[in-house]
1. What is the set of long-range amide H partners of Cys67 at a cut-off below 5 Å, with H atoms built 1.01 Å from backbone N?
2. Under 20 Å from the Cα of Lys105, which lysines turn up, not counting those fewer than eight places away in the same chain?
3. Rounded to the nearest 0.05, what FRET efficiency do Asp66 and Ser44 give with R0 = 35 Å and r taken as the Cβ-Cβ distance? Could you check?
4. Could you pull the accessible area for Lys105 with a 1.4 Å probe, rounded to 10 Å²?
Amino acid sequence: MDRLANPAPETEPDRDVTARTSRLAEVIFVRDLNEVHLLLDYVSGRPDVHIWDMGDIKIPGPAGADCTLTAHQTIERICELRYPPPSAEDKRVKAYNAALLLCVKD
């Protein structure tokens, strides 16, 4: 009866759930990054095409405006990707990196 009158104070989010969510995000990001590396390796190993032939890639920019990356810029950015990004607190950076990987995979 006392619990009904005085419900338990709300606790902070479960740290295990937060840690699992963060780990899952890392696993998905690293998997996509590995797939992109394999795709680039496959394309670069073919004698009939060149890596620079993949053309410009249009992706959403970090400020919300679309930006177009050349093949060289795309490869540079892919090589710089790490998880978590240097500014891990900025969700826009994570979203931008994920968008870049998905656009390159497509």
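The values are calculated or read from the model by the stated rules, or taken from the named source; none is laboratory data. Quick caveat: nothing in here was measured; it's all calculated off a predicted structure. Virtual Cβ from ideal backbone geometry, glycine too; neighbours counted across all protein chains shown. Ligands, DNA and RNA are excluded from the accessible area calculation, which covers all protein heavy atoms including side chains. Shrake-Rupley method; radii C 1.70, N 1.55, O 1.52, S 1.80 Å.
1. Ile59, Gly61
2. Straight-distance partners of Lys105: Lys58, Lys94.
3. Efficiency for this residue pair is about 0.85.
4. Lys105 has an accessible surface of roughly 60 Å² with all protein chains in place.
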